[in-house]
Amino acid sequence: MKKTFITALLSLTITIFICGAAFAENTTFHAQGRTVAPGIFTYFKNSYSYAYTYISISNITSTPVQCKVTIYDHEGNDQTSRGHVYSGEYVNGGWTGVAVSDGIFEIPAYGTRLFTMDDRTQKYSIFGHATIEWKSEDNKMSKALVASMRHYGHAGSAGTTKSGGITINNGQPF
């Protein structure tokens, strides 16, 4: 009886470890490259007072890559769900949306995507940083992306517009 109990407990333990490893594999983004984008700043007070952060990310390879952007606020909380990803021209007041799941989206070969923090549905304020990660089916690839960040905003009803931009990773591929 004791031997049967120990065997059953051991089998259960092994099953839990195997299932746990399989679950962890599905939820982990195994990045081949990564960089940090400091200085995320975005808020929305009303249609006359707002600031948004735009991150332009370009794939410089002949292979599609999966990209993951994670936004952290001043307390280190994940704010990625407030972001949107776009491609294409700005037409009729907007860009074409790209499918995103937990900040993960595809950038085609030599393509560019725009990750934005421009939520206009509620009052909020976020300042912090972002991580930009990528992976490819080509395991030998070591650098695939370049990126820049732009801040854009409007201050008050007088119509004062503010804007500024920086390169991420000193403009070097990562």
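No lab work stands behind these numbers, since they all come straight from the coordinates. None of the values given here were measured: they were computed from a predicted structure. Ideal geometry is used to build each Cβ from the backbone, glycine not excepted, and the neighbour counts take in all protein chains shown.
Taking 37 °C and 0.692 mPa s as conditions, the range 31-171 diffuses translationally at an estimated 211 µm²/s according to Stokes-Einstein applied to its Kirkwood radius (Cα pairs). With a Förster radius of 25 Å applied to the beta-carbon distance between Ser62 and Val36, the computed FRET efficiency rounds to 0.40.
Placing dummy labels 7 Å off each Cα toward the beta-carbon, the span from Ala155 to Lys123 is 2.0 nm. Report the Cα centroid-to-centroid distance between the range 141-157 and the range 61-76 in angstrom, as an integer. For the range 141-157 versus the range 61-76, the Cα centre distance is 12 Å. Considering every alpha-carbon pair of the range 24-70, the percent of pairs per 5 Å bin, from zero through the bin containing the longest distance, is 5, 12, 20, 18, 15, 14, 9, 7, 2. In this structure, the amide hydrogen of Ile40, modeled 1.01 Å from its nitrogen in the peptide plane, lies closer than 5 angstrom to those of Gly128, His129, Ala130, counting only residues at least 5 positions away or on a different chain. List the residues of the range 99-142 whose backbone N lies under 20 Å from a point placed 7 Å from the Cα of Asn92 along the Cα-to-Cβ direction. Once the point is set 7 Å along Cα→Cβ of Asn92, 99 turn out to lie under 20 Å by backbone N, inside the range 99-142. Residues Val98, Val91, Val146, Val36, ranked from the fewest to the most other C-beta atoms within 10 Å, line up as Val91, Val36, Val98, Val146.
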